[in-house]
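Input: a single structure, listed below in structure tokens.
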Amino acid sequence: MKAKTLTKKELTICREVERRVTEENEGWVERACFMNAQRAALAADGCLLYHEGHVTGTQEADADGRMRHAWNTLNGKLVDFSSPLHFDRQRCVAEYYTADHTFTKKEVLAGFIKRGCVWEWIAKT
């Protein structure tokens, strides 16, 4: 993923998604990236894509140096609501993210309903 800086408008969208998730779902859940990214996609009025794949270079990586992870993008730019990095700094780590599957808001909702309203990987179902 290319390193791209979020615009002021995009940062505003991210803050609005954070506000909605915090108000409606009591905020982000630590170590629950799939749930967090799916909630973000549903709260974003269709402007965020949801991705499942892996991240390299993390302390939680397995033996091959990769960690299963889920995140979002906004206009092709990394937005990881489970990351400790603020949105305006996430571009610095974007190269470590590799998406195996990408879903729209509609596909996230369909996958959530198909799984009986359980937050987990969509690509596994």
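We did not get these values from a lab; they are worked out from the coordinates using the rules stated. All figures in this text were calculated on a predicted structure; none of them were measured in a lab. Don't worry about glycine lacking a Cβ; one is built from the backbone with ideal geometry, like all the others, and counts go over all protein chains shown.
Checking every one of the GluC sites (Glu not before Pro) in the stretch 1-102 against DSSP loop status and a limit of 14 other Cβ atoms within 10 Å picks out 26, 30, 60. Loop-only chymotrypsin sites (Phe, Trp or Tyr not before Pro) in the stretch 1-109, please: DSSP not H, G, I, E or B, and at most 10 other Cβ atoms within 10 Å. Taking the stretch 1-109 and a limit of 10 other Cβ atoms within 10 Å, no loop chymotrypsin sites (Phe, Trp or Tyr not before Pro) are found.
The label-point distance for residue 117 and residue 102, in a model that sets each label 7 Å from Cα toward Cβ, rounds to 3.1 nm.
Compactness of the stretch 74-125 is given as radius of gyration and Dmax, 13.2, 37 Å, from Cα positions.
The count of lysine pairs in the chain that are at least 8 places apart or cross chains, and whose C-alpha atoms lie under 21 Å apart, stands at 12.
Going through the stretch 1-50, which trypsin sites (Lys or Arg not before Pro) have at most 12 other Cβ atoms within 10 Å and a DSSP loop state?
2, 31
For the stretch 8-114, the C-alpha radius of gyration sits at 1.01 times the compact-globule guess of 2.2 N^0.38 Å, with N the residue count. Comparing 70, 110, 43 in a Gaussian network model of the chain (Cα springs below 10 Å), the most mobile by mean-square fluctuation is 110.
Sorted into 5 angstrom bins from 0, the C-alpha pair distances of the stretch 1-52 split as 4, 20, 26, 27, 17, 5, 1 percent. Counting other Cβ atoms within 10 Å as a rough exposure proxy, the listed residues 47, 92, 117, 33 run 117, 92, 47, 33 from fewest neighbours to most.
Applied to the stretch 4-21, the Karplus parametrisation 6.51 cos²θ - 1.76 cosθ + 1.60 on θ = phi - 60° returns per-residue 3J(HN,Hα) values of 10, 7, 6, 6, 4, 5, 5, 4, 5, 4, 4, 5, 5, 4, 4, 4, 4, 5 Hz, with x for Gly and Pro.
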